[in-house]
Every structure is written in structure tokens, then in C-alpha cells.
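What follows is one structure encoded as C-alpha cells, with my remarks underneath.
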Amino acid sequence: MQEPDIHCPHCAWRPPGRSRWWCAPRTGGCSTLWNTFWTGGVCPGCAYRWEITACLACKRFAPHRDWYHWPEPASEAREAEREGTA
Ligand SMILES: [Zn+2]
Ligand SMILES: [Zn+2]
């Protein structure tokens, strides 16, 4: 099983392990600070699942799942290349 590459879908920023996200009280959160990619977007304080994740670099929001970039099978990658040059 391959590991996904985790980066911002907007600016390609890769969150280092020391990055922290805030379970924002103004949207009903519990103020916990944690690394959201360790828990798949689930707050360890209140178990709320954050469907969107803010980028700490470009300050934009993206669906949490869009941060995970799974490596494509080699055959599919070649297919896309052919289409690109056709
Ligand atoms: Zn919380
Ligand atoms: Zn970003």
C-alpha cells in the first residue's frame, strides 16, 4: 500500500509535522490545537470531523480529502501523457 502525498491543492504547500490546526470556537469547535493530518481531519478534543482544511501557507480552504494525492498507477499516467500530446 502506497502512502499518499499530502499537500495543499491550491499552492502545493506540504504541512510539516509541527503544523497545528485549530478547532475554531466560532464555528462550534472546542479550541483544540492538533495536526489534522494525523487524525484524517478529526478533532481529538470533540471528535468533530472537519470536511474542510485551511492551508496555513495560502490561507485558502480545501476539502480535507483533496489534500491527499495518491500516486497514479503507471499505466494510467502513460495514458494521460499520450492524451496530452495528441
Ligand atoms: Zn474540537
Ligand atoms: Zn495552500
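The values are calculated or read from the model by the stated rules, or taken from the named source; none is laboratory data. Just so it is clear, the model here is predicted, and its values are computed rather than measured. Cβ placement follows ideal geometry from the backbone for every residue including glycine, while neighbour counts extend to all protein chains displayed. Please note that ligands, DNA and RNA were not included when accessible areas were found on the heavy atoms of the full protein model with its side chains. Shrake-Rupley method; radii C 1.70, N 1.55, O 1.52, S 1.80 Å.
Computed with a 1.4 Å probe over protein heavy atoms only, the accessible surface of region 9-77 comes to 66 Å² per residue. Taking every C-alpha pair closer than 8 Å and separated by at least 6 residues, the mean separation divided by the residue count of region 1-53 gives a relative contact order of 20 percent.
Placing +1 on the Cβ of every Lys and Arg and -1 on the Cβ of every Asp and Glu, with no other charges, gives region 5-83 a dipole of roughly 580 debye about its Cα centre. The HN-Hα couplings worked out from phi for region 16-32 by the Karplus form 6.51 cos²θ - 1.76 cosθ + 1.60 (θ = phi - 60°) are x, x, 7, 5, 10, 10, 10, 7, 5, x, 6, 10, x, x, 10, 6, 5 Hz, whole numbers, x standing for Gly and Pro.
Both numbers refer to the Cα atoms of region 5-83; Rg and Dmax are 15.1, 49 Å.
Surface composition of region 11-65: carbon and sulfur make up 56 percent of the accessible area, probe 1.4 Å. Across region 45-54, rounded Karplus estimates of 3J(HN,Hα) from the backbone phi angles (6.51 cos²θ - 1.76 cosθ + 1.60, θ = phi - 60°) give x, 10, 6, 6, 8, 7, 7, 10, 10, 7 Hz, Gly and Pro being marked x. Sparse packing (at most 13 other Cβ atoms within 10 Å of the Cβ) combined with a DSSP loop state is found for the following chymotrypsin sites (Phe, Trp or Tyr not before Pro) in region 1-43: Trp38.
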